[in-house]
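Participant: Can you read through this structure? Questions will come right after.
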């Protein structure tokens, strides 16, 4: 029953997000806008951290999806895996597993936004070089896979042959294939959330018995209480997201000049310009000198600074993407013997992209200077 409940809940939230995105066919296949993702509760570290303290973002992301392929793949996986876990453990344990492993996946994603550690191929597999919205049910789905993996090993002597082939070590190819896909799609796929869900699901299966005939009523009642608590956590999380819906949309692009007094707008503008100057200087150093020292610190500082308007946020994101790609190319250069690393050949497309970014940034800055230094106080 709760497999179907979760399917309906995920699809219902998806339809609401599509409505908030204008209900166009294009957005279904590309991605919902960041403002929509953030408003509905996608994980974003700077909104979880002080002073925003939006703790519910550890809960809501497991019911949020980026686009139509994302939700279809995850819901098909839930339809394939969910009934096994629910029949083996009962609806109460199944729901607790889903919520607990989903939260663990989000926590793992939160802890791995570490730009300084996302410089190698393996580093980018687990760590993220920037704080961007993250969402999806895959952490909880990996949790269910972890449950079935441990179940098949733990109770292998009690299982018929068909179950032995499907669960336990039979899950290893599925796990390895998904990890390989995650490695190929590193930077786009939140592998930390997948691993967090997988390991927490495995840990739960080690501790929890599956549903046996004649199970003591006291155990059943205890799990019913936990089931209600899990439902309450989800409901409270979305109630908080709804209460802060408009505020979260504003935070998604940080404060804008129309919401500030003259001194505030001017201060935000010049602070942003100063931080972007440092980011530009570091990007130049990566391109010209192959210097990748302190890239992580520069990226983190740029992500945390307020932006004066939405265009400034787009330009910042674009520059950080260019910086991350250039840094990754330099870091992956092959050493020659005991000597220094050879400078990697520059990707001309990336060079041209950076030149075009400078043109667009200078154009925005030219238009923004009079706007943010002569705005009427409100």
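Participant: Peptides 280-289, 129-138: what's the order by average Cβ count within 10 Å, highest mean first?
Facilitator: Descending mean neighbour count gives 129-138, 280-289.
Participant: Arrange the following residues from fewest to most other Cβ atoms within 10 Å of their Cβ: 122, 62, 207, 75.
Facilitator: Fewest to most other Cβ atoms nearby, the residues stand as 207, 122, 75, 62.
Participant: When N counts the residues of the chain, how does its alpha-carbon radius of gyration compare numerically with 2.2 N^0.38 Å, as a ratio?
Facilitator: It is 1.12.
Participant: Would you look at the GNM of the chain, springs on alpha carbons closer than 10 Å, and say which of 180, 149, 245 moves the most?
Facilitator: Answer for the Gaussian network model of the chain: 180.
Participant: Still on this structure: Taking a ≥ b ≥ c as the square roots of the eigenvalues of the Cα gyration tensor of segment 66-200, is the shape rounded (a/c under 1.5), prolate (a/b larger than b/c) or oblate?
Facilitator: prolate
Participant: Can you classify segment 28-89 as rounded, prolate or oblate using the Cα gyration tensor, where a ≥ b ≥ c are the square roots of its eigenvalues, rounded means a/c under 1.5, and otherwise it's prolate if a/b beats b/c and oblate if not?
Facilitator: Values: a/c = 4.74, a/b = 1.51, b/c = 3.13.
Oblate is the answer for segment 28-89, as a/c is 1.5 or above yet b/c matches or exceeds a/b.
Participant: How would you classify segment 1-134 from its alpha-carbon gyration tensor, with a ≥ b ≥ c the square roots of the eigenvalues: rounded for a/c under 1.5, else prolate if a/b is greater than b/c, otherwise oblate? Walk me through the numbers on the way to the answer.
Facilitator: Details: a/c = 1.68, a/b = 1.24, b/c = 1.36.
Note, shape of segment 1-134 comes out oblate.
Participant: Which of 177, 103, 322, 64 comes first, and how do the rest follow, when ranked by fewest Cβ neighbours within 10 Å?
Facilitator: In increasing order of surrounding Cβ atoms, one gets 177, 322, 103, 64.
Participant: For every helix of n ≥ 4 consecutive DSSP H residues, a contribution of -39,500 (n - 2.57) applies; sum these over the chain, divide by its total residues, and give [θ] at 222 nm rounded to the nearest 500 deg cm²/dmol.
Facilitator: -22500 deg cm²/dmol
Participant: Order these by the 10 Å Cβ neighbour count, fewest first: 183, 76.
Facilitator: Least crowded to most crowded, the residues run 76, 183.
Values in this text are rule-based calculations from the coordinates and carry no lab data. Because the structure is predicted, anything quoted here is derived from the model rather than measured. Heads up, the Cβs are rebuilt from the backbone with ideal geometry, glycines too, and the neighbour counts pull from every protein chain shown.
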